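Below: one structure, written as structure tokens.
Every read-out reported here was derived from the displayed coordinates using simple, explicitly stated rules and does not represent laboratory data. On a predicted model such as this, the values are computed, not experimentally measured, just so you know. Positions of Cβ are backbone-derived with ideal geometry, glycine not excepted, and every protein chain shown enters the neighbour counts.
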Amino acid sequence: MKILLVDDEEVFVRLVETMLEGQPDTLLWAPDTEAARRILAEEHIDVALIDIVLGEEDGLTLLPVLKEHHPLTIPVVVSGHASMESAIRALQQGAYDYLPKPISRPELLNLLSRCREKLFLQEERERATRVLLQMQKLEAVGRVTATIAHDFNNVLTAIIGNTELLLESLREHGARQDIEDAQEILAAARRGKDLTRHILAFSSRSMVIEGATLVDQALASREDIWRRLLAPEAELVLSLSAPDVSVGMSPSHIEHIVTNLLLNAKEAVAEAGRGKDRVILSTAVVEGALPEHLTPLLPVGTPYVRIGVEDHGVGMDEETLARAPEPFFTTRKARQASGTGLSVVFHLVKGARGVVDIASTPGEGTRVDVYLPVKHEAS
């Protein structure tokens, strides 16, 4: 902690310095209120030890300043002229505690221990408030998204219906290329309708992912699109080793997951600034030999398909890695990203009874592995 001692007696200051030897605290000294205000303006102070009598000044005049401008600083009043009246006055003006001089080392260390606990609780309360605000923001976004998805679903229904009528007409007397183009439009509209259904499910906060998709086939079918997505920052390398294996997800779910991971990899490679690099998209069937840290999360004896996306970009430190699944958390600038990509990935994978595993090293790159249970009946 950073402690500010406001006291005009240098002997007492030296005594406090001696008491704090061996403690992980930093002590700053201000002999008067003016010096204290300067330090408070320049430094983040955790605890302020304030003497009441500072020459001709009243140290208690600092309490309103702390309350208004430095509310996270814990004020403690100390005095060699202790009285019940001064103690009550100090506590009424916002002091956390009141200690009469002389102060023993056990008393001081006990006080600082309580201050550490109070600071920890303050930080936890602030963190909980931030999480609550994020949840409220996500809920608001979910409501807006659901409204848009409903309207867009109606638009897609009209597109699908009219395209089906167009196809019937073209099959009778249309050119082959026109028929193929109409089929592409119909397929894209149906994928869009599927996605709106997923969006509505996601915004409802309760989603069980269902379906059955041949993983390698689904990934290979989107290869050209993903190559264009990564260009020019990165080159896609496919290494698919899960032939004829299905998972309980629709193709659009898998596409959504992989697209988000590839976009993150592209940004990481671009930020690293080492020129065009490879992004590896791989699959494998994993039976039994799961990473040790995942075994508590996955049922033993169940075969899984592992979908991996690996880049050699900027990587993430431990703090960023821990916060990666949080909704709205992003390391990019506000105009570049909403920070919802990985949270959506985690949500989708959890709905399919799978897990997401992220390994990253700053300056070296990131690997994200998605483990999905094998579904034995393919469709």
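Number of Lys-Lys pairs in the range 213-375 with C-alpha atoms under 27 Å apart and a separation of 8 or more places or on different chains: 5. Using θ = phi - 60° and the Karplus relation 6.51 cos²θ - 1.76 cosθ + 1.60, list the HN-Hα couplings for the range 149-157 in order, rounded to whole Hz, with x at every Gly or Pro. Whole-Hz 3J(HN,Hα) from phi for the range 149-157: 4, 4, 5, 5, 4, 5, 4, 5, 4. Ranked by the mean number of other Cβ atoms within 10 Å per residue, highest first, peptides 58-64, 361-367, 145-151 order as 58-64, 361-367, 145-151.
In plain terms, the residue of Val141, Val11 with the fewest other Cβ atoms within 10 Å comes first and the most crowded comes last, giving Val11, Val141. Which angle from 0 to 90°, rounded to the nearest 10, does the C-alpha axis of helix 251-272 make with the longest principal axis of the chain? That helix lies at roughly 50 degrees to the long axis. Projecting the Cα atoms of Gln217, Thr73, Trp29 onto the charge dipole of the chain, computed from C-beta unit charges around the Cα centre, puts Gln217 farthest toward the positive end. Candidate values (1) 55; (2) 52; (3) 33 were compared with percent of Cα pairs over 32 Å apart computed on the shown model; the agreeing label is (1).
Given their separation in residues at 0.36 nm each and the Cα-Cα distance between them, Leu165 and Gln122 gain 9.1 nm when the chain is fully extended. Counting only DSSP beta bridges with both residues in the range 1-87, the antiparallel share comes to about 10 percent.
In the chain, helical runs assigned H by DSSP with n ≥ 4 each contribute -39500 (n - 2.57); averaged across all residues and rounded to the nearest 500, the mean residue ellipticity at 222 nm is -16500 deg cm²/dmol. Between Ala359, Ala284, Ala35, the Gaussian network model of the chain with springs among Cα atoms under 10 angstrom shows the greatest mean-square fluctuation at Ala35. Pull out a ≥ b ≥ c, the square roots of the eigenvalues of the alpha-carbon gyration tensor of the range 2-103, then state rounded if a/c is under 1.5, prolate if not and a/b is larger than b/c, and oblate in the remaining case. Rounded, since a/c falls under 1.5.
Listing Met249, Met19 from fewest to most neighbouring C-beta atoms within 10 Å gives Met19, Met249.
Annotation: amide H of Ile50 within the under-5 Å range of Val6, Val76, Val77, Val78, sequence separation 5 or more or interchain, hydrogens built in the peptide plane. Extension gain, Glu42 to Ser239: 0.36 nm times the residue separation minus the Cα-Cα distance gives 65.4 nm. Using the average count of surrounding beta-carbon atoms within 10 Å as a protection proxy, the listed peptides 120-129, 95-104 rank, highest first, as 95-104, 120-129.
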